[in-house]
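Read the structure below first, then the notes.
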Amino acid sequence: MATFSEQLTQRLATALADLGHENAQQKSLPSVTAAADTRFGDYQTNAAMAMAKPLGLNPRELASQIIEKMDVSGLCETPEIAGPGFINFRICAQAIAARINNLTGDERLGIKTALSPKRLLIDFSSPNVAKPMHIGHIRSTIIGDCLARTARFLGHEVIADNHIGDWGTPMGQVLYGWKNHLNEADFADNPIRELLRLYQLVKQQSDTDPAIAAQCLEETVQLQSGNPENLSLWKEFIEITMSGAEDIYRRLNIHFDTTLGESFYDPHLKPLVEKLLKEGIAEESDGAICIFSNNELEPKQDPLLVQRDGEWLPAPCMVRKKDGGFNYATTDIATIDYRVNEQKADEILYVVDDRQSLHFRQLFEVARRRKISTSLRHVAFGKILGDDRKPFKTREGTVPALGDVLNEAVDRARRIVDEKNSSLPEEEKQEIAEKIGIGAVKYAELSQARSSDYVFSWEKMLALQGNTAPYMINAYVRTRSIFRKLETTPQYSLENIVISEEAERIIAMKLCQYAEVVPQVLVDYRPNLLATYLYELAQNFHSFYEQCPVLSASEPARCTRIALCDTASKVLRHGLSLLGICPPERM
Ligand code: ARG
């Protein structure tokens, strides 16, 4: 079942071929897309404007030729020209009804699997050992999971990889802290909190005191060369960190296919650096081993150069320190080799905050120099801010722990449930509150354009009105309540679906477009496109529901409206599930 956009694009291509213009098409087939402003039509194309110039024609003239030739029978009304040469299309009621009828029987809700499925490795969440996951990790975890769910549904093979930070300098700092500053009682009480304290304390000390820095380095060297005491402590640190992280993943319903920490790649680092030296990609510089620009790129594009006082200076990527230790970058280069050669990834996504963008640009440049053709992409995101527009903090001024944020969200959602439906059994109320609270945190994240910073607001996140999880869940719950009142399973057929009211048409068109939206999420890795779609659908549903009685209507309106409610219900549930949100059946 082709979408309206695909059908129109196809018919447009045929018309252009009939006009003898198929070769005038630019790089790709001109497409027909959903109209931004639906007052003038449902779909729109700028094909005439894009093609007129090379053909030496006036765009409006070409548009009218296209309209003349284009066969739109059974699909839309006579197209119209607007402005400098846009063509607008309004889908006819029968075509909408036919597609709704198809959707009622389609588990995939009209969404086809990708024509060329890929093996996609998504590196996300990736917390660090000895540090509890904080709210900064929320963006990576939730965006990465949504992309994994969407890609899987579209037929790609996904490897969800939690690339734990479990190696390098910070490990030596925690080991040193453990051996010199451990508070046993605090550790017994809250192990991860005590590990974090030790790490922060020692990091500060070693930043200012070279003697302590040297001792930390020695601890790292001992760990990396297999000292049994360090190794067993390190394993304990990992276990403590991961058991906290896993509690959170369980609550968020997030799964990984592999959890290979940075340490996994350690055996590859030494030979990798030797290879880079032999290949002439890396060179010695002041005792360290670095990769410098080879000046193949424009300086502006070259992440191995930096501009200072109008001059381009080297900004090398270091792969081995003077003291022989390896860097974050070295591990990431080795990780690419493993992902490409062993895991056979066609594409690797790094869902990591934008403060690391230079690191990834350098990493990808090194990959290009090494002739790695696998597509590498930094799916970057901004910061979460507090009301004061500074990075979000707790009242005590510390970075909020993710677990605490989830607890508070659920407590607040519980108050909504108590207000709305106080008669429900206690256990169900708690279950609903958990779903709404977690859903609200996820939705607040996914409804944002990922590249910008956003302000974290409890009030906004849990509001029953607006672009929020509770609003969406409320729409879903409404659709479910209709079906609880229905005695028989509805039977739909093409004859008894008749779209006549404007509110019916609006929601029906929205439902037909679900299949156009989901694949868009992967084009530029933007979950907010799906969130925005669901928000508009929920709005369309609420106004449809207010204007069009369902169960008391006479046929064929009754059957039509039941079909619309049914499809809206399925699309809402499915769309939310791609966002990783599981709505309750009532609230
Ligand atoms: N552990 C790192 C951090 O918390 C993120 C790792 C991202 N992935 C990677 N392959 N570098 O900053």
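Brief remarks follow.
- Residue list for segment 348-375, restricted to those being closer than 15 Å to Tyr338 by Cβ and surrounded by fewer than 18 Cβ atoms within 10 Å (Cβ to Cβ): Arg370, Thr374
- Picking from residues in segment 122-132 that are near the ligand (Cβ under 10 Å from one of its atoms) and outside any loop (DSSP other than H, G, I, E, B), the one that is nearest to Gln200 (Cα to Cα) is Asn128.
- Segment 28-39, residues that are of a type in the set (A, V, I, L, M, F, W, C) and surrounded by 15 or more Cβ atoms within 10 Å (Cβ to Cβ): Val32, Ala34, Ala35
- Number of the exception - Glu298 against (1) of a type outside the set (Val, Ile, Thr); (2) under 27 Å from Thr241 (Cα atoms); (3) without any contact (Cβ under 8 Å) to a residue 12 or more places away in the chain: (2)
- Test: Val571 is among the aliphatic types (A, V, I, L, M), touching a strand residue (DSSP E or B) at 6+ places or on another chain (Cβ under 9 Å) and under 20 Å from Asp42 (Cα atoms): no
- Subset tally (residues that are within 12 Å of the ligand (Cβ to nearest atom) and within 19 Å of Glu157 (Cα to Cα)) for segment 337-375: 6
- Restricted to segment 133-196, the set of helices (runs of 4 or more DSSP H) holding at least 1 residues that are away from the ligand (no atom under 16 Å from the Cβ) and farther than 30 Å from Gln520 by Cβ comprises 169-181, 184-189.
- Matching residues, segment 197-219, being crowded, with 22+ Cβ neighbours inside 10 Å and within 16 Å of the ligand (Cβ to nearest atom): Tyr199
- Inter-residue pairs, beta-carbon under 9 Å, first part of a loop (DSSP other than H, G, I, E, B) and in segment 339-353, second of a type in the set (Lys, Arg) and within 14 Å of the ligand (Cβ to nearest atom), 6+ apart: Ala345/Arg339
- So Leu304, is it touching a residue at least 40 places away in the same chain (Cβ under 8 Å), touching a Cys at 6+ places or on another chain (Cβ under 7 Å), buried (at least 21 other Cβ atoms within 10 Å of the Cβ) and not acidic (Asp, Glu): yes
- For segment 145-188, the set of residues classified as of a type in the set (Lys, Arg) and within 25 Å of Leu120 (Cβ to Cβ) consists of Arg149, Arg152, listed by residue number.
- Matching option when the condition is over 30 Å from Arg152 (Cα atoms) and of a type in the set (Gly, Ala, Ser), among Gly382, Gly386: Gly386
- Apart from one condition, Ile416 fits all of (1) more than 16 Å from the ligand (Cβ to nearest atom); (2) among the hydrophobic types (A, V, I, L, M, F, W, C); (3) within 24 Å of the chain's Cα centre (by Cα); the exception is (3).
- Subset of segment 83-93 [touching a strand residue (DSSP E or B) at 6+ places or on another chain (Cβ under 8 Å) and either under 16 Å from Met51 (Cα atoms) or part of a loop (DSSP other than H, G, I, E, B) (or both)]: Phe86, Ile87, Arg90, Cys92
We did not get these values from a lab; they are worked out from the coordinates using the rules stated. The shown structure was predicted, so the numbers you read here are calculated from the model rather than taken from an experiment. Positions of Cβ are generated from backbone atoms using ideal geometry, with glycine treated the same way; all protein chains shown enter the neighbour counts.
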